[in-house]
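Undergrad: The following block contains the structure, expressed as C-alpha cells.
FYI, it's all coordinate maths here, none of it is from the lab. Just so it is clear, the structure is predicted and the values come from calculations on it, not from any experiment. Neighbour counts are summed over all protein chains in view; Cβ atoms, including those assigned to glycine, are modelled from backbone coordinates with ideal geometry.
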Amino acid sequence: MHKSYLVTAALLGAFTVALGAFGSHGLKEKVSSDVLNIFETAVRYQFYHVFALIAVGVLFQSFNNTWMLWSGKLFIAGIILFCGSLYCLTYFKAIGNSSMNWLGAITPLGGLSFIAGWVLLAIGVWSSRA
C-alpha cells in the first residue's frame, strides 16, 4: 500500500466535493452555462482521478514497482495541470479577463498525464510478478 497516495487521494476527494458544492450552489448563478461547464468538467475529471489514485495506492501493495509509482505521480500531475488549468480558466472567464484564455493550452498536458498514468498503471500490473 502506498500510504501517501491514499492520503493525497482522500484530501483531494474532500477538496473535490467542496469544489462541486461550490459549483452547484455558489457559481451556478454567477457565470454562463459555458463557463459552468468548464468548471464541472474539471470537477468530474478530478473525481475520476481521485479514485484512480486510490486504486494505485491500494494496488501498490501487490504490484510494487516503478510503473505504479509513476502512475500515481502522473495522476496527481494531471489533476494539477488539467483540472487546475480549467479552474483558473473558469475564474478568469468569471471576472471577464479574456487575456488569460491561453491557460486552455495547458489543459491537454494534463490530459496526456492522465492517459500516461492509466497506461503506466496497466504496465505496472502486467509486468509485475505478483
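Undergrad: Using the charge dipole of the chain (Lys, Arg: +1 at Cβ; Asp, Glu: -1 at Cβ; taken about the Cα centre), state which of 57, 10, 33 has its Cα farthest towards the positive end.
TA: Selected residue: 57.
Undergrad: Please list 3J(HN,Hα) in residue order for the range 54-67, calculated via the Karplus relation 6.51 cos²θ - 1.76 cosθ + 1.60 where θ = phi - 60°; whole Hz, with x for glycine and proline.
TA: 4, 4, 4, x, 6, 5, 4, 5, 8, 10, 7, 8, 5, 4
Undergrad: Most exposed first by the Cβ proxy, i.e. fewest other Cβ within 10 Å, how do 25, 49, 2 rank?
TA: Listed from fewest to most nearby Cβ atoms, that is 25, 2, 49.
Undergrad: Running Debye on the chain with equal point scatterers at the Cα sites and no solvent, what base-10 log of I(q)/I(0) appears at q = 0.13, 0.14, 0.22 Å⁻¹?
TA: Debye intensities relative to I(0), on a log10 scale: -0.55, -0.63, -1.16.
Undergrad: Over all directions, average the projected area of the Cα convex hull of the range 30-106 and note it in nm².
TA: Mean projected area for the range 30-106: 5.3 nm², to one decimal.
Undergrad: What whole-number value in cubic angstrom gives the convex hull volume per residue for the C-alpha atoms of the range 78-127? Please report the intermediate quantities before stating the final value.
TA: Numbers: hull volume 2.1 nm³, N = 50.
Once divided by residue count, the hull of the range 78-127 is 42 Å³.
Undergrad: Report ³J(HN,Hα) in whole Hz for each residue of the range 93-98, in order, from the Karplus equation J = 6.51 cos²θ - 1.76 cosθ + 1.60 where θ = phi - 60°; Gly and Pro get x.
TA: Ordered by residue, 3J(HN,Hα) equals 5, 5, 8, x, 9, 7 Hz.
Undergrad: Hey, another quick one. Tell me, what HN-Hα J-couplings in whole Hz come from the Karplus equation 6.51 cos²θ - 1.76 cosθ + 1.60 at θ = phi - 60° for each residue of the range 33-43, using x for Gly and Pro?
TA: 5, 5, 5, 4, 5, 4, 4, 5, 4, 4, 4
Undergrad: Placing +1 at every Lys and Arg Cβ and -1 at every Asp and Glu Cβ, with all other atoms neutral, what dipole size does the chain have around its Cα centre, in debye to the nearest 20?
TA: Values: 7 positive and 3 negative charges, 47 e Å.
It comes to approximately 220 debye.
Undergrad: Take residue 10 and residue 106, extend 7 Å from each Cα along the Cα→Cβ direction, and tell me the distance between the two endpoints in nm.
TA: For the pair residue 10/residue 106, the computed spacing is 2.9 nm.
Undergrad: Moving on to the next point. How high is the relative contact order of the range 7-125? Use alpha-carbon pairs under 8 Å, at least six apart in sequence, and give a whole percent.
TA: 29 percent
Undergrad: Hey, in the GNM for the chain with a 10 angstrom Cα cutoff, which one of 116, 55, 105 fluctuates hardest?
TA: Sorting by GNM fluctuation, first place goes to 105.
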